[in-house]
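A short write-up of the structure that comes next.
Coordinate-derived values only; no laboratory data. Small disclaimer: the values here were computed from a predicted structure and weren't measured. Neighbour counts run over all protein chains shown; Cβ positions are idealised from the backbone, glycine included.
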Amino acid sequence: MRIPPLTPRQMYWNRVILNAFWLVLLVYLASQIVIYLSMGRQHPELSAGSFDNVLVPDLMILGLLLVLEAIHKWRPLLSEVSIFTSSHLIAILMTLNLSSEFHVRPFLMLFPLLISIFYLRSGYLKATSILCLVYMVLLFVDASANNYILRIQHMITALIFTGSALAGFGIIARGRDLMQALENSLKSEQDLRIQNIVMDRLSKIDPLTDLYNHKTFHEYLGWLIEHQQSNPFPLQLAVLDIDNFKKVNDQYGHRIGDIVLRQVAAVVLDRIGSDDFAARYGGEEFVVILTAKPLEDSRGIMTQILTGIADMAIAEMDGNSVTVSIGMHEYTGLESKSSIFQQADDALYEAKKTGKNKIIII
């Protein structure tokens, strides 16, 4: 199974913990210097005589942190488990370096326990809890049977470990619960956003032809005219109407008429450019807004639409085709939205009146 790469947030928090490790080492070294100076430059006696010099465990911890830095840089996928394992090693090294006279030594084992809680890993916390249990058992065995005060201290330490572990499991459970709630919230928000996008599209698109609808056409044309006032650019409006469409419905039925509307719309969409806009105005009438091109280029596009529709054999009509009449008008910069449409519509009427299947420009 391929392990997914770490997310930037995981890399960030691993870096934070590594920085915390360096801070712990600096505080540990500073405390040793303070103790060394306060005891007349004599370091405390080592607990088991395992080290000949107090710097040996310090150098071991330093080497361990350098290894963690290398893993974080070149093997980031192993960084988390390496940090968790090293937290135990650091706690053990610090514990062994302290004299048995310091009864606070066991509390150093809280260090890996906190790391386990930080990662919200119950498996890590279980392993750390077992290690702490073993450590406390060893302390009880090592303590003299007559030393009741020391054993009571060990019992209190064991209770603190137990309470910390239980609190850790509660924190992990609560953290996971919050993460699940956040994930559900984000999913609900995403579903709502998608629903809004779908609803917005449905409010703007004609469901039969997949072109924009009448309302959206007027909104977009009004916005273009307003924008054109401050930043002039070529703008033409074309109005198309399918010739003799009533005969198509009467002869072949409205279902075939809907097919014709969809195929005509498909030709329009296929011929216009990315800067252009097409909508179904109503019934068998369509509108096309052409922008950022000279009138002759726009006329060429509409001519392609005219011939493309005329040459399109419709299987549902026994291979017959339909034609369209087109009226065009170029915006002069001084007209209103209704005036532009009226001019194009008048041109369409002229094309219908003088033979159909043609383009008239006014």
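The long axis of helix 8-38 is offset from the longest Cα principal axis of the chain by roughly 20 degrees.
Over the residues of the chain, the helix contribution to mean residue ellipticity at 222 nm works out to -22500 deg cm²/dmol, using -39500 (n - 2.57) for each DSSP H run of at least 4.
Taking every alpha-carbon pair under 8 Å whose residues sit at least 6 apart, the chain reaches a relative contact order of 12 percent. With contacts taken as Cα pairs under 8 Å at a separation of at least 6 residues, the range 276-327 carries a relative contact order of 22 percent. Relative to the longest principal axis of the Cα atoms of the chain, helix 295-310 runs at roughly 80 degrees.
Cα centroid separation, the range 61-80 to the range 323-362: 74 Å.
Using a cutoff of 8 angstrom between alpha carbon atoms and counting only pairs six or more residues apart, the relative contact order for the range 202-361 works out to 29 percent. Comparing mean-square fluctuations of Ile156, Ile326, Ile172 from a GNM of the chain with C-alpha springs under 10 Å, the top value falls on Ile156.
Here the range 60-178 is treated with +1 on each Lys and Arg Cβ and -1 on each Asp and Glu Cβ, and its dipole about the Cα centre works out to around 260 debye. Between beta-carbons, use under 13 Å as the cut-off and find the net charge around Ala181, counting Lys and Arg +1, Asp and Glu -1. So the environment of Ala181 carries a net charge of 0. The Rg/Rh ratio of the range 128-256, with both radii computed over alpha carbons and Rh defined as the Kirkwood radius, is 1.60. Can you tell me the 0 to 90 degree angle between the C-alpha axis of helix 148-204 and the longest principal axis of the chain, rounded to 10? Tilt of helix 148-204: around 0 degrees.
Could you give the nm distance between label points at Arg15 and Asp346, where each point is 7 Å from its Cα heading toward the beta carbon? About 6.8 nm separates the two model spin labels.
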